[in-house]
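The values are calculated or read from the model by the stated rules, or taken from the named source; none is laboratory data. This one's a predicted model, so the numbers in the text were calculated from it and none came from an experiment. Cβ: placed from backbone, ideal geometry, glycine included. Neighbour counts: every protein chain shown.
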Amino acid sequence: MVIHNRLEFDILKCQKDTHESVERLDITIKNFSEKVNIVAVYRRPGIRLSKSTWRKIFTNNENTYKTYYVGDFNAHNTIWNCGDTDRNGENMCEIMCERDLVCYNEDTKSRMGMVDQTSNNLDLILGPIEDLDNIRTYQLQDSWDSDYYPIIMDYEITNYIKKTNRISSSKTK
């Protein structure tokens, strides 16, 4: 995860009981008009997760701030532009529907197809359905020597700037 240097953020205490194949990093961005959570997720491939585990992944620890989930979920689903759908993709999609989450970058192919492999979209940006029109995502064409292309998320909101007005009690003539 790369965060713009003008953003103020706190690293949150992560859930420890999600699953041994899942790594999470939770942050709260503080200097927006409303605080926003971003949860970075990496799920190792090769292990099928239950729906209850996917629910834990998409839980934001009782935090009421708007939450976005980004990362490599290693779950295939044709809804987010994979060639096929696997059981993890089905379970993940069902929990996304329960939580009113959508995939913002369903038109990208973040994992480049190597020899005997097809390109897939495994790096996803997920968030509340009400922000669907406010989020822009695009894929960089430079892979930075990786087998994945970086996905950029742009979200336009105003920074929070605390303003104070000085009030004087002196009488005017």
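Look at (1) modelled with pLDDT of 85 or more; (2) polar (S, T, N, Q); (3) farther than 23 Å from residue 38 by Cβ and you find that residue 164 fails only one, number (1). Residues in the range 15-29 that are in contact (Cβ under 8 Å) with a residue 24 or more places away in the chain and surrounded by fewer than 16 Cβ atoms within 10 Å (Cβ to Cβ): 17, 21, 25.
Only one of 131, 116, 100, 123 is at pLDDT below 90 and loosely packed, with under 14 Cβ neighbours inside 10 Å; which?
116
For the range 78-90: of the residues being polar (S, T, N, Q) and part of a helix (DSSP H, G or I), which is surrounded by the most Cβ atoms within 10 Å (Cβ to Cβ)? Walk me through it before giving the result.
Just the residues of the range 78-90 that are polar (S, T, N, Q), to begin with: 78, 81, 85, 88.
Remaining after also requiring part of a helix (DSSP H, G or I): 78, 88.
Values: 78: 13, 88: 22.
Per the stated criteria, the residue is 88.
Please find, within the range 33-62, the residue that is surrounded by the most Cβ atoms within 10 Å (Cβ to Cβ) out of those that are in a loop (DSSP other than H, G, I, E, B) and in contact with a strand residue (DSSP E or B) (Cβ under 6 Å, 6 or more places away or on another chain). Give the derivation first.
Looking only at the range 33-62, we keep the residues that are in a loop (DSSP other than H, G, I, E, B), and these are 33-35, 44-50, 58-62.
Within this subset, residues satisfying the condition of being in contact with a strand residue (DSSP E or B) (Cβ under 6 Å, 6 or more places away or on another chain) are 35, 60.
On the way: 35: 16, 60: 18.
Per the criteria, the residue is 60.
A search for C-beta distances below 6 Å between a residue of the range 113-135 that is assigned to a strand (DSSP E or B) and any residue that is at pLDDT below 65 and not aliphatic (A, V, I, L, M), counting only pairs 6+ apart in sequence or on different chains, returns 120/111; 123/110.
Of all residues in the range 68-77, those that are part of a strand (DSSP E or B) and under 16 Å from residue 22 (Cβ atoms) total 4.
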